[in-house]
Amino acid sequence: MVRKIVNAPLFMWVILALPGFRMTSTLLSGATGPEGQTTEELLLHPSGESAAQIMVLAMIITPLRMLLPQNRFWLWMMNRRRHIGVAAFIYAVFHTVLYVVDMGSIRAMLDEFTALGIWTGWAAFFIFIPLALTSNDFAVRKLGASWKSLHRYVYAAALATLVHWIFIHNNFGPALARFVPLALLEGYRLWMTFNPKRPANT
Amino acid sequence: MVRLFIVAMVFFVSGVANASGLYECEEVDRSTWLTETQLTQQLKEKGWQEVRRMKPDGGCWEVYGTTPDGQRVEGYFDPVTGEQLILAQRGRILFRKEE
């Protein structure tokens with residue numbers, strides 16, 4: 001019974017939607033911040049943070065599978081990785097919509113587009129679009145081997161997200177707290193790929 | 001090598017994490033500060049399109065708003081005179097008062 005619930009696609013979706021429930025209630029209540037922030041401004045950071053965190057979550061699965069090959073949790077996660085990636089994209093869409101509403105004019109957005117903290121955010125968002133659109137069985141079949149190379153662009157999106165986060169807040173701490181673990185795991189993965197300990201099978 | 005990297009990383013992160021406020025103002029008695037309404041008025045007279053909100057930071061008034069040129073900025077102002085000290089657009093410095 002428990003297994004059935006845990007393995008249902010809906011279960012994963014509910015978990016991934018949890019940060020969204022809170023944001024939706026803030027949005028509906030029209031709450032304003034202690035420093036006079038508007039509702040959009042209040043949700044801007046949490047929505048972006050959720051997108052980034054969930055993207056990192058999707059990205060650490062493979063290296064953790066290499067590190068802990070017997071672990072059933074990460075196998076379970078591996079089987080749902082595309083859902084996780086799509087959830088990251090949905091939060092990114094919400095984040096972008098909030099930004100557009102908050103800015104209120106194309107002119108103001110264009111004016112700051114060239115700021116390092118801004119164009120990197122747009123870059124990450126636009127890289128996310130084709131990745132999200134191809135995160136389904138049909139696209140995986142259709143694209144074949146090129147699916148993997150397309151989805152490697154997530155590394156570019158991750159780098160852009162990191163720069164976006166750091167420069168928008170003038171602050172390294174919180175962004176690096178999420179990205180340093182990812183970098184370490186990716187480092188491990190690369191090291192394992194190029195220095196396989198297993199004896200050659202030939 | 002790995003240890004050296006981690007140590008360097010920790011120093012780097014903690015060093016930069018401290019540098020969050022963009023400007024420091026001289027400490028003066030709060031009673032001499034312009035009120036929010038007064039500073040908003042002053043900025044509106046200078047042509048600011050919008051003064052969204054402000055808060056005290058580093059002994060200055062930190063203002064979020066839209067300049068006469070339509071740029072969404074974060075600015076630091078002298079709390080007594082209302083003089084513009086620094087203007088930043090998403091972390092990009094647009095103006096800094098000469099020391």
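When you look at the Cβ of every residue in B:24-33, what mean number of other chain Cβ atoms sits within 10 Å? Write down the numbers at each step before the final one.
Values: counts 0, 0, 0, 0, 0, 0, 0, 0, 0, 0.
Partner-chain Cβ atoms within 10 Å, mean over residues of B:24-33: 0.
Once the Cα-Cα distance is subtracted from the 0.36 nm per residue extended length, the B:V80 to B:F95 segment shows a gain of 3.5 nm. Give the aspartates and glutamates whose C-alpha is closer than 12 Å to that of B:K46, dropping any in the same chain fewer than 8 places away, or say none. Straight-line reach from B:K46, under 12 Å: B:D69, B:E83. Computed over the Cα atoms of region A:103-185, the ratio of the radius of gyration to the Kirkwood radius (Rg/Rh) comes to 1.08.
Contact order for chain A, expressed relative to its length and based on alpha carbon pairs under 8 Å spaced 6+ residues apart, stands at 21 percent. Close amide-amide hydrogen proximity is noted between B:F95 and B:L87, each under 5 Å apart and 5 or more residues distant or on a separate chain (H modeled in the peptide plane; Pro and chain starts excluded).
Over the Cα atoms of the protein assembly as shown, each weighted equally, I'd like the Debye log10 I(q)/I(0) at q = 0.14, 0.16 Å⁻¹, rounded to two decimals. With one equal scatterer per Cα and no solvent, log10 I(q)/I(0) is -1.16, -1.38. Taken residue by residue and averaged, Cβ atoms of other chains lying within 10 Å of the Cβ of A:172-180 number 3. Legend: ranking of residues B:T40, A:T26 from fewest to most surrounding C-beta atoms inside 10 Å; resulting order A:T26, B:T40. Placing a label point 7 Å from the Cα of A:T32 along the Cα-to-Cβ direction, the residues of region B:44-66 whose backbone N falls under 16 Å from that point are B:50-55, B:64-65.
Spin-label pair A:M109-A:L150: with each label point 7 Å from Cα along the Cα-Cβ axis, the two points sit 2.5 nm from one another. Legend: ranking of residues B:K55, A:K148 from fewest to most surrounding C-beta atoms inside 10 Å; resulting order A:K148, B:K55.
Every helix of 4 or more DSSP H residues in the protein assembly as shown counts as -39500 (n - 2.57), and over all residues that averages to -20000 deg cm²/dmol at 222 nm. In plain terms, the residue of A:I166, A:I129 with the fewest other Cβ atoms within 10 Å comes first and the most crowded comes last, giving A:I129, A:I166.
Bear in mind these aren't lab numbers, they're just calculated from the coordinates by the rules spelled out. Note that this is a predicted model, so its numbers are computed, not measured. Because the Cβ atoms are built from the backbone with ideal geometry, glycine has one as well, and the counts that use them run over all protein chains shown.
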